[in-house]
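Scroll down for the structure; my scribbles are underneath it.
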Amino acid sequence: MKTQVKKATPEAIAEAAQLIREGQLVGMPTETVYGLGGNALDAEAAKRIFEAKGRPGDNPLIVHVSCVEEIPPLVRAIPPAARRLMDAFWPGPMTLILPKADCIPAEVSAGLDTVGIRLPANEAARALIREAGRPIAAPSANRSGRPSPTTAQHVFEDMDGRIPLILDDGPCEVGVESSVIDATGDVPVILRPGGITPEMVQEVIGGVRVDEHVMSPLREGDVVRSPGMKYKHYAPRAKTTIFEGEQTHVVEAICREYDEQTARGEHVAILGFDEHDFGGRLRISLGSVHRPQEAAARLFAALRELDELGETVALCEAVDLSGIGLAVMNRMGRAAGFDIRDTDAGDEP
Ligand code: TXA
Ligand code: MG
């Protein structure tokens with residue numbers, strides 16, 4: 001199959017909508033990451049999605065809608081807390097886990113009794129769903145085990161020959177996948193951190209929990225609330241370490257480690273902030289240290305770049321865990337197998 005990449009014009013969106021109606025798959029932009037979309041009410045389309053991604057069949061897909069009016073037929077209930085989150089944060093980078101209705105095929109929900117619903121902010125995504133006339137199931141459009149795609153080019157790298165069309169709407173603004181929030185109970189539980197932060201949820205609901213696995217590696221026997229947690233997440237080929245602590249300590253420690261590893265013959269790259277001086281050592285930018293959203297938007301492309309450059313060691317600056325920083329550290333942490341070094345450790349207490 002030949003894979004075409006087309007700018008997300010009204011004509012291209014109409015063509016993509018037709019493909020979705022025919023049961024085919026389309027690479028689609030969203031504000032978080034690019035998705036691999038198919039008709040969410042069609043079990044065969046769902047099977048094609050799992051096949052194109054090489055994804056395990058027990059990891060459920062998120063169902064995307066173009067407006068809240070499309071949701072009632074897809075779920076059995078909308079609890080009051082869920083309703084408040086929808087009002088506050090949709091359209092936007094948030095997926096709500098709700099009790100699923102029978103029209104959602106078991107292939108989409110991976111046999112679970114719940115379904116993840118998302119109303120994306122990206123205009124082209126919403127136009128596509130509206131024109132297709134059906135909700136669209138879409139996981140991130142990477143091959144399983146690769147970083148999520150934040151440009152149409154990334155989708156092409158992973159899906160060339162597997163799908164007929166990719167809609168190109170430029171780089172994704174948020175850059176990390178949506179916050180997945182279990183909204184089936186009274187207190188929302190964040191299963192995957194993203195652009196809608198615990199602080200934002202707390203502000204609206206007055207209570208929030210963050211799943212314990214967000215900042216720790218999974219151990220044998222752990223029970224997970226979201227199937228996605230149990231799969232090995234993308235890790236670059238480079239041995240990756242995160243350095244946290246006071247900024248001058250972090251920069252010093254990274255430079256020292258860089259030189260030691262280079263002397264051993266390793267190919268080393270730094271994932272670091274623009275304001276910090278690494279003395280000419282190879283740095284892939286995470287943007288401004290004052291704007292953690294830039295690190296979110298750049299992280300997945302930076303991880304792809306590490307592999308392309310053939311780096312064997314990656315040294316990353318940590319991001320503060322507040323706000324979107326939790327999502328950045330969750331993805332960076334997984335890429336590093338949660339190898340996090342405290343550079344203040346030698347300090348007086
Ligand atoms: O930003 C996003 O969410 C992107 C764009 C395309 O919308 N999509 C995305 O989908 O990241 P995916 O399939 O790569 O990640 C969905 C995550 C998985 O970790 C999955 O286990 C979890 O959401 N999930 C989906 N349905 C669930 C459910 N019913 N209960 C618990 N977790 C669920
Ligand atoms: Mg994914």
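Filtering segment 234-257 for residues that are within 16 Å of ligand 1 (Cβ to nearest atom) and of a type outside the set (Gly, Ala, Ser) leaves a non-empty set.
Within segment 181-204, if we keep just the residues that are within 16 Å of the chain's Cα centre (by Cα) and β-branched (Val, Ile, Thr), the residue that is surrounded by the fewest Cβ atoms within 10 Å (Cβ to Cβ) turns out to be THR197.
Residue-wise test of (1) under 14 Å from MET94 (Cα atoms); (2) touching a residue at least 24 places away in the same chain (Cβ under 8 Å); (3) within 12 Å of ligand 1 (Cβ to nearest atom); (4) touching a helix residue (DSSP H, G or I) at 6+ places or on another chain (Cβ under 8 Å).
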position: PRO171; (1), (2), (3), (4): no, yes, no, yes
position: VAL187; (1), (2), (3), (4): no, yes, no, yes
position: PRO198; (1), (2), (3), (4): yes, yes, no, yes
position: ARG219; (1), (2), (3), (4): no, no, no, no
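Considering each residue of segment 149-173, count those that are part of a loop (DSSP other than H, G, I, E, B) and surrounded by fewer than 24 Cβ atoms within 10 Å (Cβ to Cβ), and give that number. Matching residues across segment 149-173 total 9. Within the set of pairs 6+ apart or on separate chains, which have a first residue in segment 146-161 that is under 20 Å from ARG334 (Cβ atoms), a second that is open to solvent by 60 Å² or more (accessible area, probe 1.4 Å) and of a type in the set (Lys, Arg), and C-beta atoms under 9 Å apart? Hits for this filter: THR150/ARG298; HIS154/ARG146; ASP158/ARG143; ASP158/ARG146. Considering only residues in segment 32-44 that are part of a loop (DSSP other than H, G, I, E, B) and more than 8 Å from ligand 1 (Cβ to nearest atom), the one that is least open to solvent (accessible area, probe 1.4 Å) turns out to be ALA40.
Cβ separations smaller than 8 Å between residues 6+ apart or across chains give the following pairs from segment 56-73 residues that are farther than 17 Å from ARG225 by Cβ and without any contact (Cβ under 8 Å) to a residue 24 or more places away in the chain to residues that are more than 6 Å from ligand 1 (Cβ to nearest atom) and open to solvent by 30 Å² or more (accessible area, probe 1.4 Å): PRO72/ILE78.
For segment 68-90, filtered to residues that are of a type in the set (Gly, Ala, Ser) and outside any loop (DSSP other than H, G, I, E, B), the residue that is farthest from PRO188 (Cα to Cα) is ALA88. Scanning segment 73-130 for residues that are among the small types (Gly, Ala, Ser) and over 20 Å from the mean Cα position of the chain (by Cα) yields a total of 8. Being surrounded by 13 or more Cβ atoms within 10 Å (Cβ to Cβ), among the aromatic types (Phe, Trp, Tyr) and in contact with a Leu (Cβ under 6 Å, 6 or more places away or on another chain) holds for only one residue in PHE243, PHE273, and it is PHE273.
A quick yes/no check of all residues on (1) assigned to a loop (DSSP other than H, G, I, E, B); (2) open to solvent by 10 Å² or more (accessible area, probe 1.4 Å); (3) closer than 29 Å to GLY170 by Cα; (4) away from ligand 2 (no atom under 16 Å from the Cβ):
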| residue | (1), (2), (3), (4) |
| --- | --- |
| MET1 | yes, yes, yes, yes |
| LYS6 | no, yes, yes, yes |
| ALA17 | no, no, yes, yes |
| GLY23 | yes, no, yes, yes |
| GLY57 | yes, yes, no, no |
| GLY111 | yes, yes, no, yes |
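Pairs linking a residue in segment 128-145 that is in a loop (DSSP other than H, G, I, E, B) to a residue that is among the β-branched types (Val, Ile, Thr), with Cβ atoms under 6 Å and 6 or more positions apart or on different chains, are PRO135/VAL63; PRO135/VAL65; ALA141/VAL155. For segment 174-184, give me each residue that is within 13 Å of ligand 2 (Cβ to nearest atom), assigned to a loop (DSSP other than H, G, I, E, B) and hydrophobic (A, V, I, L, M, F, W, C). Passing the criteria: only VAL176.
Among residues of segment 217-234 being under 17 Å from the mean Cα position of the chain (by Cα) and within 19 Å of ILE340 (Cβ to Cβ), the one that is most open to solvent (accessible area, probe 1.4 Å) is LYS232. Keeping to segment 17-56, report how many residues are within 16 Å of ASN122 (Cα to Cα) and among the acidic types (Asp, Glu). So the count comes out to 1. The C-beta contact set for segment 282-295 (first residue under 19 Å from HIS267 (Cβ atoms) and among the charged types (D, E, K, R), second residue at pLDDT 95 or above and surrounded by fewer than 19 Cβ atoms within 10 Å (Cβ to Cβ), distance under 9 angstrom, 6+ apart or interchain) comprises ARG283/ASP274; ARG283/HIS276. Residue count for segment 200-241, restricted to those that are small (Gly, Ala, Ser), at pLDDT below 90 and away from ligand 2 (no atom under 16 Å from the Cβ): 2.
The values are calculated or read from the model by the stated rules, or taken from the named source; none is laboratory data. As the structure is a prediction and not an experimental result, all values here were calculated from the model. So basically every Cβ, Gly included, is an ideal-geometry build from the backbone, and we count neighbours across all protein chains shown. Heavy atoms of the whole protein, side chains included, go into the accessibility calculation; ligands, DNA and RNA do not. Shrake-Rupley method; radii C 1.70, N 1.55, O 1.52, S 1.80 Å.
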